1. Out of 304, 311, 319, which single residue is more than 22 Å from residue 266 (Cα to Cα) and assigned to a helix (DSSP H, G or I)?
2. Pick out, from region 55-144, the strands (runs of 3 or more DSSP E) lying fully within it that include 3 or more residues that are buried (at least 17 other Cβ atoms within 10 Å of the Cβ) and aromatic (Phe, Trp, Tyr).
3. One residue is enough: does region 283-299 have a residue meeting the conditions closer than 30 Å to residue 44 by Cα and in contact with a helix residue (DSSP H, G or I) (Cβ under 9 Å, 6 or more places away or on another chain)?
4. Conditions: (1) more than 13 Å from the chain's Cα centre (by Cα); (2) within 19 Å of residue 334 (Cβ to Cβ). Residue 202 meets all but one. Number of the miss?
5. As an exercise: evaluate residue 299 against (1) in a loop (DSSP other than H, G, I, E, B); (2) farther than 27 Å from residue 195 by Cα; (3) basic (Lys, Arg) and give the number of the one condition it does not meet.
6. For region 312-336, give me each residue that is crowded, with 19+ Cβ neighbours inside 10 Å and not small (Gly, Ala, Ser).
7. Only one of these conditions is not met by residue 153: (1) out of contact with any Gly (no Cβ under 7 Å at 6 or more places or on another chain); (2) surrounded by fewer than 21 Cβ atoms within 10 Å (Cβ to Cβ). Which number is it?
Amino acid sequence: MKRVRLRDLGLIIGDLPPGPHNAITDVPGVLVGHTTVIADVPYVARTGVTVIIPREDEIRDDRAFAGFHSFNGNGEMTGLLWLEESGMLGSPIGLTNTNQVGVVRDALIWHDVENFESRGFKLPIVAETYDGWLSDIDAFHLTEDHVHAALAIANSGAVEEGNVGGGTGMICHDFKGGIGTSSRLVDSKSGQYTVGVLVQANYGDRHTLRVDGVPVGREIGPEVVPLPWDEPPQGGSIIVIIATDAPLLPMQCKRLAQRATVGLARAGGIGHNGSGDIFLCFATGNHILTDPTGPRPLKMLPNEHLNPFFEAVAEAVEEAILNAISMAETMVGFKGRTAYALPLDRLQQVMAKYRPLDQKG
């Protein structure tokens with residue numbers, strides 16, 4: 001069966017409507033680009049890099065308020081100390097494998113040096129999950145050129161999902177995982193805004209996977225679809241990037257980032273000891289120019305108006321994770337190891353067993 005997104009199977013998560021692409025790129029000005037590296041010689045590569053670019057790459061001159069949450073911190077996301085201190089994001093965001101955070105970070109800095117006037121020190125945000133089961137991670141496949149290529153093709157349209165970019169070699173709930181995205185339109189008392197989410201999903205056990213509350217992982221167990229390993233690892237990781245065009249302050253961004261935990265839990269995430277579950281939210285509704293001439297005029301949504309945003313984050317994170325799994329294809333990688341795709345026809349059967357398929361678009 002052709003790989004399709006969850007909604008193409010008639011499965012709807014939550015109540016809020018998605019944006020036109022049901023992707024993080026529904027937030028105005030947000031661009032996404034991938035470079036995927038697949039090779040068998042001289043070393044086995046199943047890896048890549050994904051970049052998320054706010055404000056159509058004007059983020060260096062017009063920064064965005066941001067905040068983060070570490071649900072379980074056995075992972076890496078660079079630049080968080082200054083982000084927490086300043087409350088601002090001033091660079092594109094990179095997602096890749098564990099061993100190549102440094103290469104991606106350096107490439108983002110070099111891209112700035114080559115293409116933009118000097119703006120002092122640079123502390124870009126780069127996050128990782130581990131793809132060493134399917135990719136020979138110690139061969140260090142990625143180069144700065146791969147990062148530059150992802151930046152060059154980043155666009156605001158539909159986002160590729162599954163075995164692409166930083167998600168190429170990832171495994172989620174013992175099925176093939178990877179990149180997933182989703183969005184929600186939020187009608188608040190302060191107006192309508194968009195919340196978009198992109199995940200790099202590489203975590204979780206089969207038996208905890210749920211789709212809209214249905215215990216799919218127990219219904220499609222190892223006797224139906226083999227596990228990718230003989231002995232499950234002690235953890236995995238998920239990176240969640242949340243974007244919104246609402247005028248939020250840094251602490252409000254942090255509050256939205258915390259709600260990614262709800263969406264992760266709904267899909268079956270536990271936050272295991274060995275997992276790096278790190279979530280970042282940025283908001284473009286204020287303009288933080290790097291050359292201020294005086295006090296900054298800022299807007300802020302009342303905290304009392306944030307509940308719909310919390311709901312939007314929970315729904316979009318859950319759906320983004322499930323899109324990552326539903327779009328990922330079976331992959332054979334390092335040492336002949338195989339991560340099998342979630343069988344979508346079997347998923348439909350399981351969902352129909354518990355409830356009729358939702359016929360909404």
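1. Checking each option against the conditions leaves just 304.
2. 62-73
3. So in region 283-299, the residues closer than 30 Å to residue 44 by Cα come out as none.
No: zero hits.
4. Only one criterion in (1) more than 13 Å from the chain's Cα centre (by Cα); (2) within 19 Å of residue 334 (Cβ to Cβ) is unmet by residue 202, namely (1).
5. Failing condition for residue 299: (2).
6. 313, 315, 317, 318, 319, 321, 322, 323, 325, 327, 331, 334
7. That leaves (1) as the condition not met.
Results for (1) in contact with a Cys (Cβ under 8 Å, 6 or more places away or on another chain); (2) closer than 23 Å to residue 170 by Cβ; (3) modelled with pLDDT of 95 or more; (4) assigned to a loop (DSSP other than H, G, I, E, B), shown as yes or no for each residue.
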{"residue": "8", "(1), (2), (3), (4)": "no, yes, yes, no"}
{"residue": "13", "(1), (2), (3), (4)": "no, yes, yes, yes"}
{"residue": "17", "(1), (2), (3), (4)": "no, no, yes, yes"}
{"residue": "21", "(1), (2), (3), (4)": "no, yes, yes, yes"}
{"residue": "29", "(1), (2), (3), (4)": "no, no, yes, yes"}
{"residue": "36", "(1), (2), (3), (4)": "no, yes, yes, no"}
{"residue": "43", "(1), (2), (3), (4)": "no, yes, yes, yes"}
{"residue": "48", "(1), (2), (3), (4)": "no, yes, yes, no"}
{"residue": "51", "(1), (2), (3), (4)": "no, yes, yes, no"}
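The values are calculated or read from the model by the stated rules, or taken from the named source; none is laboratory data. Everything quoted here is computed from the prediction, not taken from an experiment. Every residue, glycine as well, gets a Cβ built from its backbone with ideal geometry; the counts of neighbours run over all protein chains shown.
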